[in-house]
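Read through the structure below, which is laid out as structure tokens, and then see the notes.
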Amino acid sequence: MTEDKISSSDSEGIFNDFIKERLEDMVDNIISEGDMSSFGGRESEIIVETDDIQPPRFTYGDEQDGQGGGGGEGPGREAGRLSFAVSYELIMQLIAEKLKLPSLLKEGQGKIKEVSYEFKTYGTAGIILDKKRTFKRALKTSIATKVYDPARGIYDIQLRRKDRRFKLPERVETPRYKAVVFYIGDISYSTYGERLKLEKRVVNFIQHWLDFNYGADKVEHRFFVHDSEAYEVMADQFFNVSNAGGTQASMVFDMVSQVARNEYEINSTNFYAFYFGDGEVFHDDAEEIMRILDEDMLPFFNRIGVTEVKPSGMSQLVSILEERFDNDEVVRLTQMRDSSKIKKVICDLFR
Amino acid sequence: MRSIDTDLELKHLEQRVLHYAHDVFHRTLPEMRFFILEPMEFASLLHKRVYPKSPQNLWEGKEMISTRYRVDSGQESSLYYEVVQTGRPSYAYLNETNSPMVQASVMAHVVGHCEFSELNVLHDSNDDRTERVMYLVNRVDRSRQGMGEAHYRTFWNAAESLVSLIAPNSQFNLESSVDTDILYSDPLEKEKEKESSLLTFPYSYTLSEVIQKKENHESLLETDNRRKSNKEALNRRGYKLKAPCQDIMGFLRKFAPASTGERNILDYLYTVNSTSDFVIRTQIMNEGWAMYWEHKIMKKLFEEKACTGIIDYCKIFAGVCYPRPYYQRNPYHLGYYMWNHIEELYEQGKVSLEFVEETDVAKKAAWDKPSGQQPLKAMEHIIETCTDYEFLRRFLTTELIDKFHLNRIPKSHIPHLKITANDVAREDRQFVWVNPEPVKEQMLNFFTHFHRPRIYLIDVDFMEGGLLLYHRDDGRDLRRRWIRPTLKNINMIWKGPVSLLCRESLYTLSAGKFKNSTVEAPPFEHIVERMQEGRRPFVL
């Protein structure tokens, strides 16, 4: 008893199972209503606040205070709030499970590798002596040869050369992936209010989803906007550039395609591009986009998403692109009319 | 967790504390074992009800994760001072972040708790308590594998609903409410013995008959029927309810039809939670006694310079013994000053008939006639015979209420307390002092209900094998939304219908269906009377 560690880790595991179920129920809310921009990175923890749980008991209390408890199978609820920290990984895993999102297909395997060494194997020759193993072997030998014989009061340990065991390094190669994501926004329409909110939520989700899949330090996020011309902007400007009037979307697709080809190693990089706009483009502009997608981007992009945000009767980009890319593996076309459709948009883009 | 033997400084302090406790002050102590814990181990221990191990369960996990979050986010300090599990031996746990002086004060404090548990009338201390719980934990762990994870968790959660229905020290505890051939000797035999002794005692035979006839109006036939019915119930089930039973979990632990695994869970939860009944009934005396001895032993330690930091100690002591109003009573403060006051009373001979009968106020005020009785012996006798209720009833006077500031209320609390101008004795900028007379009554009222609903088991054959629970009306409603899930949980343990009689409602959960019907619940006294007469306490 003197050296035992007092711990509640088993019980914490049961509670984690319970909150995992509850978080699964909360995932819809997190995606549709939550502010994912406040999530940290892979190592961070997310504070979750939920109704407190208590075993239902005969007690006094205001009727307004309590909610019915789940007899037998679970806890009752009380008006108090319960706060706890959940790992970023867990939240993202739950989101993936809930939305049935597949792990992203990573390319570039074998081209770039991270090499590390782990001391897993043991040998009779080497530099780093494994004292524990060596002692164990020496003890066994000493017992066998009666050098160590407590019954006769002999407590010697003979350390022989062949008892020595050394830690041997083992080369471990981990393929290193990198990805670049191009976010493309149409600033020629009124991107404010509800539109801006919807777009932000989806962009935030994509950022987190790709960071989670590749590791935040291995993903580069780049932001492009267009009206009648195309520009690259900083992340914080993406949602804040003012409307300049006119619209020609094919220019920005062309620009992204050029940047991807000229600035990255195509064979070892994973490319993603997500376009958000009202879809009100001229017919020939849409056809030009179709050509760029088909000829310049499709061959080496992992995923290209085109989303019409709050489309109007004039929106035709998605319908024109559907002629060529309906049910395409790489190019995904979708529309987002309100916040209830965010989940569907994410599924359309990634499933 | 490590033994105190691993820390030389603390080991020395432990020896000095025990020297004063044993050799100088001659305290009655069990063997005490001290251990040092890291802060989060300390938190875990508290959530395990002060035992080093516990079976895994949702609620401990919730409390621990919540504590961890509060500590990490700075909402809660991880600086807990002490916890002790009394018993023979007693296990006391020290927080490694405390200074040696604080550790010494904790050890001295623990001396008081251990002795109190040994001496007190409720007999809280028992042999190998911690070891017994460790054994129960192992049994539950083994049962978990047999029961399967899902059933284990479901049953545990259901059993948690019973924890507030533990009352081993109630007037209506298991022993006084249930006739059984399992727990005690056959009560019918006892009754028979009593009757036969009356019949075979020729000297008082006539007189007894006369008295008996006056006391007992039952005909011989009725008596015989009642005995037969009792006998039948005992033969059939092995127990019979003879009075309302407030220790409902104790009853279910013994008599609910349960598998070995389920019974192990009930045994464990009952055992680890039943000591809280002792705590709530003796908290003022107990904490006061601990502070009293902590103070005495620490003075000795400072005198011999075994530890330093007397100013810091005074600050901590003043913080712990800070007066609070009666509805937020601080047991450390109230208990400590009450014991000092009682010691003074005995020293000056004020606990005597002569003092009580003295009518001259001036003489009473200047009274100092030691009776020769050792104050400490008298104080020990109080522990051996009283709980908080009697302690306060006998020794808390209106003068003390005022002196201890029990009637001093912060002005910010006034709007919530329904205090009128007539209740106010005096006030200043910050506080209001209410009249002390009603304060004592309100403090004593706490011990009738402990601010919890009083629920009794009154029938075990209601609606053919169902349990009937009774809520003794305190003028307050139960939280209605929790009645159904609580009944459902009890139903899962009893495996039969369960009903609750509550004011004008009868809530029933049977075969998964919940029903609420309007009835007139009889007063508690009628129920007791009917049960004593061997009649059904409540009939639809």
Subset of region B:479-500 that is at the interface with chain A (Cβ under 7 Å from one of its Cβ atoms) and either free of Cβ contacts under 8 Å to residues at least 12 places away in the same chain or touching a Ser or Thr at 6+ places or on another chain (Cβ under 7 Å) (or both) - its residue that is surrounded by the fewest Cβ atoms within 10 Å (Cβ to Cβ): B:Arg480
Looking only at region B:40-75, and only at residues there that are assigned to a helix (DSSP H, G or I) and in contact (Cβ under 8 Å) with a residue 60 or more places away in the chain, the one that is nearest to the other protein chains (Cβ to nearest Cβ): B:Leu58
Region A:263-304: number of residues that are touching a helix residue (DSSP H, G or I) at 6+ places or on another chain (Cβ under 7 Å), of a type in the set (Asp, Glu) and part of a loop (DSSP other than H, G, I, E, B): 0
Residue selected from region B:122-175 under the condition within 10 Å of another protein chain (Cβ to nearest Cβ) and part of a loop (DSSP other than H, G, I, E, B), by the criterion nearest to B:Thr486 (Cα to Cα): B:Ser161
Single condition B:Val539 does not satisfy, out of (1) of a type in the set (A, V, I, L, M); (2) loosely packed, with under 13 Cβ neighbours inside 10 Å; (3) farther than 18 Å from B:Pro244 by Cβ: (3)
Matching residues, region B:239-257, being more than 16 Å from B:Phe524 (Cα to Cα) and touching a Lys or Arg at 6+ places or on another chain (Cβ under 8 Å): B:Tyr239, B:Arg253, B:Phe255, B:Ala256, B:Pro257
Residues that are among the small types (Gly, Ala, Ser) and within 12 Å of chain A (Cβ to nearest Cβ), drawn from region B:501-517: B:Gly512
Number of the condition not met by A:Glu232 [criteria: (1) surrounded by 19 or more Cβ atoms within 10 Å (Cβ to Cβ); (2) over 17 Å from A:Lys343 (Cβ atoms); (3) at pLDDT 85 or above]: (1)
Hey, B:Tyr69 surrounded by 22 or more Cβ atoms within 10 Å (Cβ to Cβ) and of a type in the set (Phe, Trp, Tyr) or not: no
Count - residues of region B:1-24 that are more than 10 Å from chain A (Cβ to nearest Cβ), without any contact (Cβ under 8 Å) to a residue 24 or more places away in the chain and more than 22 Å from B:Asn120 (Cβ to Cβ): 5
Residue match in region B:54-67 (condition: closer than 30 Å to B:Glu384 by Cα and touching a strand residue (DSSP E or B) at 6+ places or on another chain (Cβ under 6 Å)): no
Residue within region A:320-338 that is surrounded by fewer than 16 Cβ atoms within 10 Å (Cβ to Cβ) and at positive phi present: yes
Boolean, B:Val111 is more than 9 Å from chain A (Cβ to nearest Cβ), surrounded by fewer than 20 Cβ atoms within 10 Å (Cβ to Cβ) and in contact with a helix residue (DSSP H, G or I) (Cβ under 8 Å, 6 or more places away or on another chain): no
Search result, residues across region B:345-383 that are exposed (fewer than 12 other Cβ atoms within 10 Å of the Cβ) and in a helix (DSSP H, G or I): B:Leu353, B:Glu354, B:Val356, B:Glu357, B:Val361, B:Ala362, B:Lys363, B:Ala365, B:Lys377
Output for region B:87-118, where each listed residue is assigned to a helix (DSSP H, G or I), of a type in the set (S, T, N, Q) and farther than 17 Å from B:Gln15 by Cβ: B:Ser117
Residues of region B:422-458 classified as charged (D, E, K, R) and either within 14 Å of another protein chain (Cβ to nearest Cβ) or under 26 Å from the mean Cα position of the chain (by Cα) (or both), total: 4
Helices (runs of 4 or more DSSP H) wholly inside region B:247-342 containing at least 1 residues that are under 30 Å from B:Ala158 (Cα atoms) and of a type in the set (A, V, I, L, M): B:248-255, B:260-303
Among residues of region B:25-39, those that are among the charged types (D, E, K, R) and more than 11 Å from chain A (Cβ to nearest Cβ), counted: 2
Some residue of region B:145-158 being in the same structural domain as B:Phe278 (by TED's automatic domain parsing), closer than 30 Å to B:Phe391 by Cβ, crowded, with 21+ Cβ neighbours inside 10 Å and not basic (Lys, Arg): no
Enumeration of residues in region B:303-331 that are of a type in the set (Phe, Trp, Tyr) and crowded, with 17+ Cβ neighbours inside 10 Å: B:Tyr313, B:Phe317, B:Tyr326
Region B:501-517, subset within 15 Å of B:Gly465 (Cα to Cα) and hydrophobic (A, V, I, L, M, F, W, C), residue surrounded by the fewest Cβ atoms within 10 Å (Cβ to Cβ): B:Ala511
Some residue of region B:459-469 being touching a residue at least 40 places away in the same chain (Cβ under 8 Å), within 12 Å of another protein chain (Cβ to nearest Cβ) and surrounded by 14 or more Cβ atoms within 10 Å (Cβ to Cβ): yes
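The values are calculated or read from the model by the stated rules, or taken from the named source; none is laboratory data. What you see is a predicted model; the values in this text were computed from it and never measured. Cβ atoms come from the backbone with ideal geometry, glycine included; neighbour counts cover every protein chain shown.
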